[in-house]
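**Q** The structure under discussion is supplied below as structure tokens; questions concerning it will follow.
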Amino acid sequence: MKMLAEIAPGISLLTIRTTGVNLAEDMEAGRIDLAIGWLPHLKSGFFQRRLFVQEHVCMFRRGHPLDKKSALTKAEFEAADHVVVSAAGTGHASVDGSIEKLGVTRRAVLTVPHFVAVGHILATTDMIATVPERFARHCIEPFNLRYVRLPLKLPEIGVNMFWHSRFHKDPGNQWFRSLVFDRFSD
């Protein structure tokens, strides 16, 4: 928003949401111009452009029993209390399945529908969370958190921007896509 205020002070973003539910339908109808995220279900009828790739990490509060010099072990990961982000309609919903396929079990004591509250929850509890690394980087300072590599290998997260083919040549949409790509891509 800071960047938009500087470049285009009169612009308004009318819809920002954290779920992929009905996203394809809303984009086809022109109610949403651009989607950004790990959205593997947006395929036919959509263009996409890769912004970046990232890994999952394990995040917890500073001073947590797992906040130590040695690497996090699989046994420690399994024994910990987890806050799980379910993020319906996004690729994040597949993390549970990926972890289960590796034969790892988590003690999920809290499930939340999006990442918004995760920093607050971890800062005040002994729970841990499996989150995208860029999200973790932005939570460290404001919530006094720390993150470490997972003791398991999950698939990388490809974060793309998506737009419906009906709006591919729309000048405003092209301008906004270019702005987002220039600011957020690797």
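**Q** Hey, how much of the P(r) for the chain falls beyond 25 Å, as a percent of Cα pairs? Please report the intermediate quantities before stating the final value.
**A** On the way: 7074 of 17205 pairs.
Value for the chain (Cα pairs over 25 Å): 41 percent.
**Q** Right, something else. Between A75 and M1, what is the spin-label point distance in nm, taking each point 7 Å from the Cα along the Cα→C-beta axis?
**A** Going by the 7 Å Cα→Cβ label model, 4.7 nm.
**Q** Kindly state, as a whole number, the per residue volume in cubic angstrom of the convex hull around the alpha carbon atoms of the stretch 1-98.
**A** On the way: hull volume 17.0 nm³, N = 98.
That works out to 173 Å³ per residue.
**Q** Here is a further query. So which trypsin sites (Lys or Arg not before Pro) in the stretch 22-63 are both in a DSSP loop and have at most 16 other Cβ atoms within 10 Å of their Cβ?
**A** Details: sites: R31, K43, R49, R50, R61, R62; in loops: R31, K43, R62.
Here the sparse-neighbourhood loop sites are R31, K43, R62.
**Q** Rg and Dmax of the stretch 117-183 over Cα atoms: what are they, in angstrom?
**A** Radius of gyration, then largest Cα-Cα span, for the stretch 117-183: 17.3, 49 Å.
**Q** Once amide H atoms are built 1.01 Å from N in the peptide plane, which residues 5 or more positions from N22, or in another chain, come under 5 Å H to H?
**A** Correct list: empty.
**Q** For the chain, what % of the accessible area comes from carbon and sulfur atoms, probe 1.4 Å?
**A** Numbers: 5720 of 10580 Å².
Reported share for carbon and sulfur atoms: 54 percent.
**Q** Compare T73, T90, T105, T124 by solvent-accessible area with a 1.4 Å probe and give them largest first, with all protein chains kept in place. Before the final figure, lay out the partial values.
**A** Numbers: T73 65, T90 25, T105 90, T124 115 Å².
Sorted descending by solvent-accessible area, the residues read T124, T105, T73, T90.
**Q** Under 5 Å between amide H atoms, partner at least 5 residues away or on a different chain: which partners does D81 have, H built in plane at 1.01 Å?
**A** I128
**Q** Report, ordered by chain and residue number, the lysines lying within cross-link reach of K69, taken as a straight Cα distance under 21 Å and ignoring same-chain residues fewer than 8 apart.
**A** Qualifying lysines at Cα under 21 Å: K153.
**Q** If you take every DSSP beta bridge whose two residues both sit in the stretch 1-157, what share of them, in percent to the nearest 5, is antiparallel? Present the calculation step by step, with values, prior to reporting the outcome.
**A** Numbers: 10 of 16 bridges.
Given both bridge residues lie in the stretch 1-157, the antiparallel proportion sits at roughly 60 percent.
**Q** Taking the Cα atoms only, what angle lies between the long axis of helix 171-184 and the longest principal axis of the chain, rounded to 10 degrees?
**A** 30 degrees
**Q** Let me ask another. Helix 133-143 against the longest principal axis of the chain: what's the angle in degrees, Cα atoms only, rounded to the nearest 10?
**A** 70 degrees
**Q** First check a/c for the stretch 56-143, with a ≥ b ≥ c the square roots of the eigenvalues of its C-alpha gyration tensor; if it is under 1.5, answer rounded, and if not, answer prolate when a/b is larger than b/c or oblate otherwise.
**A** Numbers: a/c = 1.62, a/b = 1.09, b/c = 1.49.
In terms of gyration-tensor shape, oblate.
**Q** Using a basic spin-label model with each label point 7 Å from the Cα along Cα→Cβ, how many nm lie between A8 and A29?
**A** Inter-label distance under the simple model: 2.3 nm.
**Q** With a 1.4 Å probe and every protein chain left in place, work out the accessible area per residue of the chain in Å², rounded to a whole number.
**A** Numbers: 10580 Å² over 186 residues.
On a per-residue basis, 57 Å².
**Q** Would you kindly find the accessible area of S12, with a 1.4 Å probe and non-protein molecules such as ligands, DNA and RNA excluded, rounding to the nearest 10 Å²?
**A** 80 Å²
**Q** Hey, can you grab everything whose amide H is under 5 Å from the amide H of V112? Only 5+ residues off in sequence or another chain; H modelled, so Pro and N-termini drop out.
**A** Those qualifying (amide H under 5 Å, at least 5 residues apart or on another chain) are V84, V85, S86.
**Q** Still on this structure, I have one more. Given the options L152, G45, P9, identify the residue whose Cα lies farthest towards the positive end of the charge dipole of the chain (+1 on Cβ of Lys, Arg; -1 on Cβ of Asp, Glu).
**A** Of the options given, the answer is L152.
The values are calculated or read from the model by the stated rules, or taken from the named source; none is laboratory data. If you're wondering where the values come from, they're calculated on a predicted model, not measured in any experiment. So basically every Cβ, Gly included, is an ideal-geometry build from the backbone, and we count neighbours across all protein chains shown. Areas reflect the complete protein model, heavy atoms only, side chains present, ligands, DNA and RNA absent. Shrake-Rupley method; radii C 1.70, N 1.55, O 1.52, S 1.80 Å.
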